[in-house]
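What follows is a set of notes on a single structure, which appears directly below.
The values are calculated or read from the model by the stated rules, or taken from the named source; none is laboratory data. What you are looking at is a predicted structure, and each value in this text was computed from that prediction instead of being measured. Cβ atoms come from the backbone with ideal geometry, glycine included; neighbour counts cover every protein chain shown. Surface accessibility is based on the protein's heavy atoms, side chains included, excluding ligands, DNA and RNA. Shrake-Rupley method; radii C 1.70, N 1.55, O 1.52, S 1.80 Å.
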Amino acid sequence: MKSQLQREINQRKYEIDEVLKISKAQSATDICFLVDCTCSMKKYIVATKTQIHQLTDTIIQLYAIKPRLAFIGYRDTDTDPEQLDFTDDVDTFYIFLEKLKMTSGHDRCGLEIVPKLSWSNPNRVLIHICDAPCHGQDYHTFTKSRHDKYPKGDPKNRELSKLLLNIKRSKIIYCSIQLNKSVKKMFEEFIFIYGTIFEIHVNDPNTLMKHISKQTSSIIMNSIELTMSSFRTSNLPLKSYTLLKKMPDWNAIEVHAVHTTEIVQPQAMDDIFRPLLFGQGSARMKIARNPFEQGSLRFVFCGQLSNDDFDLVDVVFKEFASSDPKMNVLEVYREQLEIQVIAQFLADKFNTDLSHLLEKANIHKYSTVLQAFSHWTYHITAGRYMVVDLQGAKTDNAYILTDPAIHCDDILRFKHTRTNLGVKGMDRFFNTHVCSEICARLELPTEKSQLLSKIKTNAYESFGYADLLETVDQMDEATSKFEIMYLETEHQQDNTTSF
């Protein structure tokens, strides 16, 4: 019996280490600077050169991996772009910029060079810095010919759509730094073809790398979270369902008599540290034939449910998306119920005990509140639990969350759902968490992660890392997958965590 327990512990340790290896590998990043190198850009080229260590040091300190850097400097059509292919040697990058010469003249974009570079890492980021548009009246609002000597467009007849789509095929995340309004129309045309282009707002060259570091870090964090979600679904294919957004015709759907598994709600903090109690019941239900939404882990179905002899009420049902037989058993669903209920218990306690402390705090920042909540759950449980992976949607006065995960100091708890990364998962959280105003109001102590040094903390402060959360907010809210009406129904019926 003891040897079997040890085998299970060793297996979970191995699985956790594998997840963290995947997380680190997903942090690897290629960053290419595409820069207008005419004379008007001198301050920003000098800033790129002198501040580049700030960018690389930040990524190394946050993610323990060195980024690769490349540079493309473009001028006019009669001058070939200057380029440096990817290197992880910051000194090589610096020396290249040191030798770079700025010239007067009109501008053109060096887009044709971008996909020809040796992109190889999972995160591929293009930083386009410019203060003038490319040739062609479609890309600017200039009325005098002296502003554009090729008003009909590129004299070499290169098609912009082909150039941009070649970049898109390389799975490159395009970011722009638009130094004045003259380039606004150009990027509007680019977006029409390329899709999303993230704009980084920079008003002072002295803060150039601070803003680029924020955007790059948010891209890396988002990439890691997507990879972690994919890991939880296993490598087997997903179930084959067709999404159907419209409400079903309930009159045409059969009522099923079903057995239900019900969880006994915890009444005190002590209750959540031991396995929760389950009961059995019966009900009647209807479920739509097709899901209306798909998350990274589950399909979501419209449904109706009735306990005893009450009328059917609208609910949502969730089913694991993975076709892995190990995921589609009652034990896994019971674990999910436990995680939901424990997270709900902690969220309710957070709301009841601490909401008055947050009344004057700056809580409009989505990620700031959620990170503070994760920190608080670690503190209030004395390091036993940490609620993480907080996704969902923001309403006017609340955050409605779905599918939280819990890291637990007992790595064998919640082992079937593969989301409990134990103490190492908690360390991973604190490795990038910087306490905000909300943490201060909650009087949360600064946790010294085993992986976090004073040097790194100082680096966060000089980088202004807390500001990164604003960028993450925009990405989180833009990619929220569940509609509020369905989330509110789920909150009423399915123990969805909210605060």
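Select from Ile129, Thr29, Ile9 the residue farthest towards the positive end of the dipole of region 1-132; place +1 on Cβ of Lys and Arg, -1 on Cβ of Asp and Glu, and compute about the Cα centre.
Looking along the dipole axis, the top candidate is Ile9.
Quote the relative contact order of region 256-328 in percent (integer), defining contacts as alpha-carbon pairs under 8 Å separated by 6+ residues. Before the final figure, lay out the partial values.
Details: 121 pairs, mean separation 17.2, N = 73.
RCO, region 256-328: 24 percent.
Would you kindly state how much longer the chain becomes between Asn251 and Ser161 on full extension, computed as 0.36 nm times their sequence separation minus their alpha carbon distance, in nm to one decimal?
Working: separation 90, 0.36 × 90 = 32.40 nm, distance 4.95 nm.
Difference between extended and current length: 27.4 nm.
Sort 249-257, 13-21, 171-179 for me by packing, meaning the mean count of neighbouring Cβ atoms within 10 Å per residue, highest on top. Before the final figure, lay out the partial values.
Working: 249-257: 9.9, 13-21: 14.2, 171-179: 19.4.
Put in order of decreasing packing, that is 171-179, 13-21, 249-257.
Using a basic spin-label model with each label point 7 Å from the Cα along Cα→Cβ, how many nm lie between Ala25 and Asp131?
Roughly 4.4 nm, to one decimal.
Counting only protein heavy atoms and using a 1.4 Å probe, what share of the accessible area of region 1-63 belongs to carbon plus sulfur, as a whole percent? Show your work: numbers first, answer last.
On the way: 1750 of 3030 Å².
Taking all protein chains in place, region 1-63 shows 58 percent carbon and sulfur surface.
Which pairs in the list Lys13/Lys245; Lys245/Lys326; Lys214/Lys326; Lys168/Lys239; Lys21/Lys318 are over 32 Å apart, alpha-carbon to alpha-carbon? Walk me through the numbers on the way to the answer.
Details: Lys13/Lys245 41 Å; Lys245/Lys326 29 Å; Lys214/Lys326 39 Å; Lys168/Lys239 29 Å; Lys21/Lys318 30 Å.
Flagged as over cut-off: Lys13/Lys245; Lys214/Lys326.
Rounded to the nearest 20 debye, what is the charge dipole size of region 1-132 about its Cα centre when +1 sits on each Lys and Arg Cβ and -1 on each Asp and Glu Cβ? Walk me through the numbers on the way to the answer.
Working: 17 positive and 19 negative charges, 127 e Å.
Computed charge dipole of region 1-132: roughly 620 debye.
Taking the highest mean first, how do the peptides 438-445, 417-424 order by number of other beta carbon atoms within 10 angstrom per residue? Kindly include the intermediate steps, with their values, before the conclusion.
Working: 438-445: 16.4, 417-424: 21.0.
Highest-to-lowest ranking by the protection proxy: 417-424, 438-445.
Show me 66-75, 378-387 ranked by packing, highest mean number of other Cβ atoms within 10 Å first. Numbers along the way, then the final one.
Details: 66-75: 22.9, 378-387: 19.1.
Those peptides, ordered most packed to least, come out 66-75, 378-387.
Taking the Cα centre of region 256-328 as origin, work out the dipole magnitude from +1 charges on Lys and Arg Cβ and -1 charges on Asp and Glu Cβ, in debye rounded to 20. Show your work: numbers first, answer last.
Values: 7 positive and 10 negative charges, 68 e Å.
With only Lys, Arg, Asp and Glu charged at Cβ, the dipole is about 320 debye.
For the pair Glu98/Asp311, report the inter-label distance in nm, with labels modelled 7 Å from Cα in the Cβ direction.
Here the answer is 7.9 nm between the modelled labels.
With +1 on each Lys and Arg Cβ and -1 on each Asp and Glu Cβ, and nothing else charged, work out how big the dipole of region 33-83 is about its Cα centre, in Debye to the nearest 20.
Numbers: 6 positive and 6 negative charges, 61 e Å.
Approximately 300 debye in magnitude.
Contact order normalised by length for region 225-360, with contacts defined as Cα pairs under 8 Å and 6 or more residues apart; what percent is it?
On the way: 181 pairs, mean separation 32.0, N = 136.
This gives 24 percent for region 225-360.
Report the net charge of residues surrounding Thr377, where surrounding means a beta-carbon distance below 13 angstrom and charges are Lys +1, Arg +1, Asp -1, Glu -1.
Working: positive: Lys349, Arg384; negative: Asp348, Asp353, Asp389, Asp409, Glu447.
Residues close to Thr377 contribute a combined charge of -3.
What list of ³J(HN,Hα) couplings, whole Hz, do you get for region 10-22 from phi and the Karplus terms 6.51, -1.76, 1.60, once you set θ to phi - 60° and write x for glycine and proline?
Residue by residue, region 10-22 yields 4, 5, 5, 4, 4, 4, 5, 4, 5, 4, 5, 5, 4 Hz.
Describe numerically, in nm with one decimal, the distance between label points set 7 Å from Cα along Cα→Cβ at Ser323 and at His356.
Going from the Ser323 label point to the His356 one covers 5.6 nm.
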